[in-house]
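What follows is a set of notes on a single structure, which appears directly below.
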Amino acid sequence: MENYLIESPDVTVITVCKNAGQDLIKTCKSVLNQTGVNIQFILQDGVSTDGTLSSLGTLQDPRVDMLSEPDSGIYDAMNRAFKRVRGKWCIYLNAGDSFYSNESLSKILAEAENDENTDVFAFAYYNEFDKTITVYPRIISRYFLYRSGVCHQVQLWKTEVLGKYLPFDQNYQVLADQHLLLRAFYSGIKIRSSVTVGVLYKDRGFSSMPSVQALKNSERMKILSSCFSLLEKLLYGSLEIILLKPLRLQFNRAFRSTALFRFYKILANRLNRIT
């Protein structure tokens, strides 16, 4: 594919992949169908062998910037791809995920640029597995980032700001994106959130695999230890007990993908926008 852009793009969408098959095709179509916004679409492939790249070779679109080369993992590929970013804003979208509609990116961009001081714009997403919408709090606080996180698929970053905090720390194999967001947040970046649903989240990526959950939990504890003081951990940990987090986790596991769980998510979203 020819690697050039007619104009300076508004947004760079980055997808890293390896043997993603039809998931990658789905994502490509979604990105290239976006209207009302000038896009650079970076595909960073880890030398796929499933034939997907051959099918992508028919994409004669000047917005596509594809490179296939060996890497040492997901976050290495994400670091490599960023070096080619030309957009004012950028977002990492996983293979298999897609934008909610053909107008999603233009709507999100318009909201993000409504406040020139916004560094990261976090929007809502629809989970295709359990058929729920997740809306982030009106104010992203230290406590929220202690108890949860923000999916990188819904983080629209100002490129110049993200560049100050990269590269992703490859000592984290599952949660390097969350570690980077915390570091940036504590350095004073401004995060805004919105109820706009921008992405269809597949929820079947690397971090959701059962085989990596132990590693994911280990990395989460490491991040909490390095980014929060002892006093914060005692305070926030106590709040989690008071707010019945263990019980809520059991509920999520037992009732996920049921109508009761979807009702619970609606209530949780409304509470998030109050706080």
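The values are calculated or read from the model by the stated rules, or taken from the named source; none is laboratory data. Everything quoted here is computed from the prediction, not taken from an experiment. For neighbour counting, all protein chains shown are included, and Cβ atoms are generated from backbone atoms with ideal geometry for every residue, glycine included. Accessible surface areas use protein heavy atoms only, side chains included; no ligands, DNA or RNA. Shrake-Rupley method; radii C 1.70, N 1.55, O 1.52, S 1.80 Å.
Assorted remarks:
- Residue match in segment 231-239 (condition: of a type outside the set (Phe, Trp, Tyr), loosely packed, with under 13 Cβ neighbours inside 10 Å and modelled with pLDDT under 90): no
- Of all residues in segment 248-260, those satisfying the criterion of being aliphatic (A, V, I, L, M) and surrounded by 10 or more Cβ atoms within 10 Å (Cβ to Cβ) are LEU249, ALA254, LEU260.
Here is a yes/no grid of residues against (1) within 22 Å of GLY87 (Cα to Cα); (2) of a type outside the set (A, V, I, L, M, F, W, C); (3) surrounded by 14 or more Cβ atoms within 10 Å (Cβ to Cβ):
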position	(1), (2), (3)
LEU175	no, no, yes
LEU182	no, no, yes
LYS190	yes, yes, yes
GLY198	yes, yes, yes
MET209	no, no, no
GLN213	no, yes, no
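- For the criterion of being out of contact with any Ser or Thr (no Cβ under 6 Å at 6 or more places or on another chain), of a type in the set (Lys, Arg), under 19 Å from ASP97 (Cβ atoms) and surrounded by 16 or more Cβ atoms within 10 Å (Cβ to Cβ), LYS158 fails.
- Screening segment 80-105 for residues that are within 12 Å of the chain's Cα centre (by Cα) and of a type in the set (Ser, Thr, Tyr) and picking the one that is surrounded by the most Cβ atoms within 10 Å (Cβ to Cβ) gives TYR92.
- Residues in segment 121-143 that are open to solvent by 10 Å² or more (accessible area, probe 1.4 Å), of a type outside the set (Ser, Thr, Tyr) and more than 16 Å from the chain's Cα centre (by Cα): PHE129, LYS131, ARG138, ILE139, ARG142.
- Contact annotation: residue pairs with Cβ atoms under 7 Å, 6 or more positions apart or on different chains, pairing a residue in segment 188-204 that is within 13 Å of TYR100 (Cα to Cα) with a partner that is of a type in the set (D, E, K, R) and in a strand (DSSP E or B), are VAL199/ASP97; LEU200/ASP97; TYR201/ASP97; LYS202/ASP97.
- Some residue of segment 40-55 being in contact (Cβ under 8 Å) with a residue 60 or more places away in the chain, crowded, with 17+ Cβ neighbours inside 10 Å and part of a loop (DSSP other than H, G, I, E, B): no
- Segment 219-275: number of residues that are in contact (Cβ under 8 Å) with a residue 40 or more places away in the chain, within 24 Å of GLN178 (Cα to Cα), part of a loop (DSSP other than H, G, I, E, B) and in contact with a Lys or Arg (Cβ under 9 Å, 6 or more places away or on another chain): 2
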